[in-house]
Amino acid sequence: MAGTEEPGVELTPQQLKSRRQRNIAIGLSVACFALLIFLVTIAKLGPGVLNRPL
């Protein structure tokens with residue numbers, strides 16, 4: 001239906017700031033979790049996995 005847009009919810013500046021801070025916290029948490037999984041994987045494989053034959 002072209003031309004029939006419903007008005008959306010207008011957020012206050014405080015709500016927008018709170019949403020941005022929450023998104024940053026979630027992003028940092030996901031990045032730290034991925035780094036932790038990577039480091040645990042490397043630790044379990046051992047340092048020899050980085051020495052590849054040429």
| query | What number of residues within the stretch 1-36 satisfy the criterion of being surrounded by 10 or more Cβ atoms within 10 Å (Cβ to Cβ) and in a helix (DSSP H, G or I)? | reply | 22
| said: Checking Arg52 against (1) part of a helix (DSSP H, G or I); (2) loosely packed, with under 10 Cβ neighbours inside 10 Å: exactly one of these is not met. Which one? | reply: (1)
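No lab work stands behind these numbers, since they all come straight from the coordinates. Everything quoted here is computed from the prediction, not taken from an experiment. Every residue, glycine among them, receives a Cβ derived from its backbone with ideal geometry; neighbour counts consider all protein chains shown.
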